[in-house]
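For reference, the structure discussed in these notes is given below.
The values are calculated or read from the model by the stated rules, or taken from the named source; none is laboratory data. The structure displayed is predicted, hence computed values, not measured ones. Counting neighbours? That spans all protein chains shown, and the Cβs are built from the backbone with ideal geometry, glycine included. Areas reflect the complete protein model, heavy atoms only, side chains present, ligands, DNA and RNA absent. Shrake-Rupley method; radii C 1.70, N 1.55, O 1.52, S 1.80 Å.
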Amino acid sequence: QVHLGESGGGLVQAGGSLRLSCTASGRTFSMYAKGWFRQAPGKEREFVAAISWSGGSTYYADSVKGRFTISRDNAKNTVDLQMNSLKPEDTAVYYCAAKRGPYASDYVSYDYWGQGTQVTVSS
């Protein structure tokens, strides 16, 4: 059974940092692109960042560019999201996802999803 599990969420003040981690089990995702998405209450799920299977290419939403960094460790089957200079508008449930083929920003193309971790940024 395939499982993606996120950790690292929590409550932080504006300007602070958090590091989210997603660990995969049940299969090896080394050849899968990985992505992070988020969903705030009453809003649609939106793209945050993605990384190619090799880790050589990354892609960010404009709203997080320069503040967030996505990385992966294929030996450990993990993908991380370092979030700096957090803003109240970053408050959401954050999800990691995996897909075959090249990375993408549309959530419908992802095959596997974690359960999500809550990030709350206070002003």
### Query
How big is D, in µm² s⁻¹, for the chain by Stokes-Einstein at 10 °C and 1.306 mPa s if Rh is the Kirkwood radius over C-alpha pairs?
112 µm²/s
### Backbone N under 14 Å from the residue 54 label point (7 Å along Cα→Cβ), restricted to region 75-107
102-103
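Within the chain, how many Lys pairs sit with Cα atoms under 20 Å apart, leaving out pairs fewer than 8 places apart on the same chain? Provide the component values of the computation, followed by the final result.
Numbers: 34/65; 34/76; 34/99; 43/87; 65/87; 76/99.
Eligible lysine pairs with Cα atoms under 20 Å apart amount to 6.
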### Query
Expressed as a whole number of Å, what is the distance separating the alpha-carbon centroids of region 86-120 and region 18-65?
5 Å
### Query
Taking a probe of 1.4 Å, how large is the accessible area per residue of the chain, in Å²?
50 Å²
### Message
Counting only protein heavy atoms and a 1.4 Å probe, tell me what percentage of the chain's accessible area is made up of carbon and sulfur.
### Response
47 percent
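Give me the percent relative contact order of the chain, please, defined on Cα pairs under 8 angstrom at least 6 residues apart. All intermediate terms of the calculation are to be shown ahead of the outcome.
Numbers: 320 pairs, mean separation 44.8, N = 123.
That works out to 36 percent.
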### Task
Find the all-direction average of the projected area of the Cα convex hull for region 62-123, expressing the result in square nanometres with one decimal place.
5.1 nm²
